[in-house]
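The values are calculated or read from the model by the stated rules, or taken from the named source; none is laboratory data. Everything numeric in this text was worked out from a predicted model, so none of it was measured. Cβ coordinates were reconstructed from backbone atoms using ideal geometry, including for glycine residues, and neighbour counts include every protein chain displayed.
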Amino acid sequence: MNIELRELNVEEGSDIFEMTREIGLGANGFVNSFYSETLDEFHNILVKNYNMARARQLPEGLVPQTVYWLYADGRPVGYGKMRHALNGPLKKRGGHIGYVIRPAERGKGYAKPLLQLLLREAAVKGIGEALLTVNEDNVPSRRVIESCGGVLQDNIDGICRYHVPTGRVLGSTGT
């Protein structure tokens, strides 16, 4: 199986649009900010996120974040958001990295390589230790985070906060 992480660009195709529609508005605390009814609306969201990654036209209170799509054998199976810095709210919920696998592909082992690749990107951006947050009842995601070296810092109101070193995944995707 060929696993590939691709950074968002403004010319994404209908395969990404369909994946984001399948994911819906989100699940397990992950917000799918790409969900849209039309391709035109989707394109506008792509442009907004492209600019956010470059800290252009950044709305007040938000930090730059880069979006990456995970492909398996040429088909998009999930995506992740990697925030370049944390503000107060993200330190409590959200963290540096959030990720989701499309429903039809869950349970097939894609989450771990996705997180490993996102951690590698975080290391490249100078983030030595990433903060990840997850709902305490999302046991599969907690296992993925822990398998990538995540150490539980605390659990506040049902939100588990993990610290994950990024340097240990440099040069390795685990695939």
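Miscellaneous remarks
- Answer from P76, P64, P103 - the residue that is more than 14 Å from the chain's Cα centre (by Cα) and of a type outside the set (A, V, I, L, M): P103
- Residue check, R143 within 25 Å of F17 (Cα to Cα) and surrounded by fewer than 20 Cβ atoms within 10 Å (Cβ to Cβ): no
- If the condition is being out of contact with any helix residue (DSSP H, G or I) (no Cβ under 8 Å at 6 or more places or on another chain) and β-branched (V, I, T), then the range 91-135 contributes V124, I127.
- Reported count of residues in the range 18-33, each being among the hydrophobic types (A, V, I, L, M, F, W, C), out of contact with any Pro (no Cβ under 6 Å at 6 or more places or on another chain) and modelled with pLDDT of 95 or more, is 1.
- Among the strands (runs of 3 or more DSSP E) confined to the range 90-161, the ones with at least 1 residues that are more than 20 Å from Y71 (Cα to Cα) and in contact with a His (Cβ under 9 Å, 6 or more places away or on another chain) are located at 129-135, 151-156.
- Test: residue in the range 103-117 that is surrounded by fewer than 20 Cβ atoms within 10 Å (Cβ to Cβ), without any contact (Cβ under 8 Å) to a residue 60 or more places away in the chain, closer than 16 Å to T20 by Cβ and charged (D, E, K, R): yes
- Some residue of the range 40-58 being closer than 23 Å to L118 by Cβ, in a strand (DSSP E or B) and either more than 13 Å from the chain's Cα centre (by Cα) or among the β-branched types (V, I, T) (or both): no
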